[in-house]
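What follows is a short report on a single structure.
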Amino acid sequence: MEIERKYLIEEKNLPRPLEQYECLFIEQAYLCTDPVIRIRQENDSYYLTYKGRGLMVREEYNLPLTPASYQHLLSKADENKITKKRYLIPLPKTSLTIELDVFLGYLSGLILAEVEFPDEAAADAFTPPGWFGREVTYSGLYHNSYLCTLSAPPLSDS
């Protein structure tokens, strides 16, 4: 089960320097968007992921892939490939981590922060740091499975 909240971030509000935090390079593509079946390379690790429907709470299952199986499936992916840098920022005075995604390529300029929670009560009680922008947890426009269908970052979810 994945329980997370998601926020837009303005570049001017980013904690600096970002290089002080662990960073993962992520490349991902989608074999299907309903239900979500995603393949991902995260540095030197490879995964196939199934995600159920939902916004803040949804099922998620990850299966490991070999580099060869990832490349084979990548050739069968629909839509655009998403690339991003993910900075892992510890949230002070908690055991939580902010996953700050700085998108590259055709989504360049889009920055999202996600925080995953152990349960819904913790997610509901969460107060975001002051540098977070508008919450987009309940907007499907900021799911990566939707972003892969675009040619540029979304301007608004209204």
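Within the range 1-27, residues that are within 26 Å of D119 (Cα to Cα) and modelled with pLDDT of 95 or more sit with their Cβ atoms under 6 Å from residues that are open to solvent by 30 Å² or more (accessible area, probe 1.4 Å) and among the small types (G, A, S), at 6+ positions apart or across chains, in these pairs: Y7/G133; L8/G133; I9/G133.
If you go through the range 5-27 and keep only what is in contact with a helix residue (DSSP H, G or I) (Cβ under 8 Å, 6 or more places away or on another chain), open to solvent by 20 Å² or more (accessible area, probe 1.4 Å) and of a type in the set (D, E, K, R), you end up with just R5.
Filter the range 53-107 down to the residues that are within 22 Å of A121 (Cα to Cα) and out of contact with any strand residue (DSSP E or B) (no Cβ under 8 Å at 6 or more places or on another chain) and list them by number. Listed by number, the residues that qualify are R53, G54, L55, P92, K93, T94, S95.
Please enumerate the residues belonging to the range 125-158 that are in a helix (DSSP H, G or I) and either at pLDDT below 95 or closer than 20 Å to G52 by Cβ (or both).
G140, L141, Y142, N144, S145, Y146, L147
Residues checked against (1) buried (at least 17 other Cβ atoms within 10 Å of the Cβ); (2) part of a strand (DSSP E or B):
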site: I3; (1), (2): yes, yes
site: A29; (1), (2): yes, yes
site: C32; (1), (2): no, yes
site: R40; (1), (2): yes, yes
site: G54; (1), (2): no, no
site: A68; (1), (2): no, no
site: K81; (1), (2): no, yes
site: K85; (1), (2): no, yes
site: S95; (1), (2): no, no
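Just one of (1) among the hydrophobic types (A, V, I, L, M, F, W, C); (2) open to solvent by less than 60 Å² (accessible area, probe 1.4 Å); (3) under 15 Å from the mean Cα position of the chain (by Cα) fails for L74. It is (3).
The number of residues in the range 39-71 being under 20 Å from V115 (Cβ atoms) and either under 14 Å from the mean Cα position of the chain (by Cα) or modelled with pLDDT under 95 (or both) comes to 12. Can you pull out the residues in the range 107-123 that are more than 10 Å from I3 (Cα to Cα), touching a Lys or Arg at 6+ places or on another chain (Cβ under 9 Å) and outside any strand (DSSP E or B)? Across the range 107-123, the qualifying residues are L107, L110.
The values are calculated or read from the model by the stated rules, or taken from the named source; none is laboratory data. Everything numeric here is computed off the predicted structure, so don't read it as measured data. Cβ atoms come from the backbone with ideal geometry, glycine included; neighbour counts cover every protein chain shown. Side chains included, ligands, DNA and RNA excluded: accessible areas come from the protein's heavy atoms. Shrake-Rupley method; radii C 1.70, N 1.55, O 1.52, S 1.80 Å.
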